[in-house]
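Participant: Have a look at this one.
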Amino acid sequence: IVGNGADRKWLDQEVSKLKLESRVHVVGSVLHENLPEYFSAADLFCLPSYREGVPNVLMEAMSSGKPCVASNVDGIPEVLADFCGVMPPPQNTDALTTAIELALSCNWDSSRIRSHASQYSWEATGDKYAEVIYQTLQHVACKRRIRN
């Protein structure tokens, strides 16, 4: 588990209480440039959020070819295709558990996940915005010609 949060102390205690130290590693915060090492070592990426826009960390996980379990909230359904992971409802521990079990039991196509994520690169996103702006300007110019 990468990252820190308000529940870090509780999480460490739970891992110890359940004797999961050999299977669950809570590493805390890591430098951004070291994240690929952790994505590479992971079997899947899990983001059980209550609210999200389009989280960069989800895009990074998919760019690494990892299947994702992420809450079905806000912008996540826009980018997490069914062949990239599972979206349980937020704030539902049983559904999250089932989604993780399902994701771990599936054979995911890492190259397809990476390919899907590539359409959301900064360059691709910039190109899409430029196209929308261009089309809007064309539409406005056309309307002005019609009026005149």
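Participant: What does the net charge come to around Leu20 if you take all other residues with beta carbon closer than 14 Å to its beta carbon, with K and R at +1 and D and E at -1?
Facilitator: Net charge around Leu20: 0.
Participant: Using just the C-alpha positions of the chain as equal point scatterers, what log10 of I(q)/I(0) does the Debye formula give at each q in 0.17 1/Å?
Facilitator: -1.04
Participant: Multiplying the sequence separation of Arg112 and Ala42 by 0.36 nm and subtracting their Cα-Cα distance, what value in nm do you get?
Facilitator: So the extension gain works out to 23.5 nm.
Participant: Here's a follow-up. Using only the Cα atoms of region 91-148, what do you get for the radius of gyration and for Dmax, in Å?
Facilitator: 21.6, 64
Participant: List the lysines whose Cα lies under 16 Å from the Cα of Lys9, skipping any in the same chain that are fewer than 8 positions away.
Facilitator: Lys17, Lys19
Participant: In a Gaussian network model over the chain where Cα atoms closer than 10 Å are linked, find which of Ala130, Ala103, Ala61 has the largest mean-square fluctuation.
Facilitator: Among Ala130, Ala103, Ala61, the largest mean-square fluctuation in the Gaussian network model of the chain belongs to Ala130.
Participant: Taking amide hydrogens as modeled 1.01 Å from N in the peptide plane, which residues meet the under 5 Å criterion relative to Gly85, leaving out close sequence neighbours?
Facilitator: Counting only residues 5 or more places away or on other chains, the set is Cys68.
Participant: Run the numbers for Arg51 and Lys17: contour at 0.36 nm per residue of separation, minus the present Cα-Cα distance, in nm.
Facilitator: 9.3 nm
Participant: Within region 65-87, whose backbone N sits under 15 Å from a point 7 Å along Cα→Cβ of Ser121?
Facilitator: Only 65 pass the distance filter.
Participant: In bins 10 Å wide, starting from 0, what share of all Cα pairs of region 23-62 does each bin hold, as a percent?
Facilitator: Final binned percentages: 22, 58, 19, 0.
Participant: Something else now. How much length, in nm to one decimal, is gained on full extension between Glu131 and Glu101, taken as 0.36 nm per residue of separation minus their Cα-Cα distance?
Facilitator: Stretched out fully, the Glu131 to Glu101 stretch lengthens by 6.7 nm.
Participant: Let me ask another. How large is Rg/Rh for region 61-128, to two decimals, with Cα atoms and a Kirkwood Rh?
Facilitator: My calculation puts Rg/Rh at 1.01.
Participant: Right, next: Any idea what log10 I(q)/I(0) is at q = 0.14, 0.16, 0.24, 0.25 Å⁻¹ for region 1-74, Debye with uniform C-alpha scatterers and no solvent?
Facilitator: -0.50, -0.66, -1.27, -1.31
Read the figures in this text as sums done on the coordinates, not as results from a lab. Because the structure is predicted, anything quoted here is derived from the model rather than measured. Cβ atoms come from the backbone with ideal geometry, glycine included; neighbour counts cover every protein chain shown.
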